[in-house]
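Below you'll find the structure, written out as structure tokens, and then a few comments.
The values are calculated or read from the model by the stated rules, or taken from the named source; none is laboratory data. Since the structure is predicted, the reported quantities are computational estimates derived from the model, not experimental observations. Every residue, glycine as well, gets a Cβ built from its backbone with ideal geometry; the counts of neighbours run over all protein chains shown.
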Amino acid sequence: MDFSPLDIFSFVFFVGSWLGYSLLARRAARKRNSLSSVLYRYRKEWVRKLSISGMSEVDSELLSSLERQVSFLASTSLLILASLVTVLSTASDMFMNLSSLRFVTEVSVEVVQMKLLLLLCIFVYGFFTFTWSIRQYGFCFIVFGSSFHTVKYYRENEEYNAVAAKRDFGAITKVLDRAAHSYNYGIRAYYFAMAALAWFINAWFFIGATAVVIFVLYRREFMSSSLNAMVTARQVDNVHDEDEITFD
């Protein structure tokens, strides 16, 4: 297999960037504003609200909409995988014509197939993370249903109590948060798959595309206008300076 040293370096750079960014984002989220740290506090407040008022139809629909988003991307991953398997079997007919472009590096069919296998691995990983996220949202339905009374059916009762059973609501928040994190990992796989597509052009494009993906992910997770708006809504400069959210 005639991979050049630059191809090997670009692949190592790609994998290292993906793993390195994941570690960096996780550590940075513990100290500064990020989508993960801000949304975690909103999720915790959501569970606290449920522990006080009970679960309404709106809350059920919100949770269902989150699960539907993940289900759509999980289904999309399967379609992409089916397409990639088809392309892999006809790589010699579809991709070798790209070498006629001056900026595309000419490679053997085996190298093209290995690059397609990389894309396959990425979308398989994405499918697993999305389906795991779906299962965790399913856990949330069960936990929420067993922990909170439903407002519609119990509110008129004079002895109405929002909490159906004694629970550790911090742990319930973590189940909801982990489902969202799995969804985030799947979305991240899609971004890096876009970078992997650049490898079909040449290794330099691959390296550049990986760097662009890292920049886009970092900017959206730590510097986006949506993040700033959610932080401003809480009327703080840094959500880590807030008092810890407690449950009654």
Residue check, T76 surrounded by 14 or more Cβ atoms within 10 Å (Cβ to Cβ) and among the polar types (S, T, N, Q): yes
Some residue of region 227-242 being more than 30 Å from V111 (Cβ to Cβ), loosely packed, with under 12 Cβ neighbours inside 10 Å and of a type in the set (S, T, Y): yes
Answer from S56, S17 - the residue that is in contact (Cβ under 8 Å) with a residue 60 or more places away in the chain, within 26 Å of N228 (Cβ to Cβ) and among the hydroxyl-bearing types (S, T, Y): S17
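Checking the structure you have, find out if any residue of region 11-20 is assigned to a helix (DSSP H, G or I) and among the polar types (S, T, N, Q).
yes
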Residue tally, condition surrounded by fewer than 18 Cβ atoms within 10 Å (Cβ to Cβ) and among the small types (G, A, S), over region 169-217: 4
Pair list, Cβ under 9 Å, 6 or more apart: region 176-198 residue touching a residue at least 12 places away in the same chain (Cβ under 8 Å), other residue of a type in the set (D, E): A179/E67; N184/E221
Y40 being crowded, with 18+ Cβ neighbours inside 10 Å, under 30 Å from N202 (Cα atoms), of a type in the set (S, T, Y) and in contact (Cβ under 8 Å) with a residue 12 or more places away in the chain: no
Evaluation of D7 against (1) assigned to a helix (DSSP H, G or I); (2) surrounded by fewer than 19 Cβ atoms within 10 Å (Cβ to Cβ); (3) among the acidic types (D, E) (one fails), failing number: (2)
Inter-residue pairs, beta-carbon under 6 Å, first over 23 Å from A164 (Cα atoms) and in region 127-144, second of a type in the set (V, I, T), 6+ apart: F130/V70; S133/V70; I134/V70
Residues within region 78-100 that are modelled with pLDDT under 85 and of a type outside the set (D, E), tallied: 14
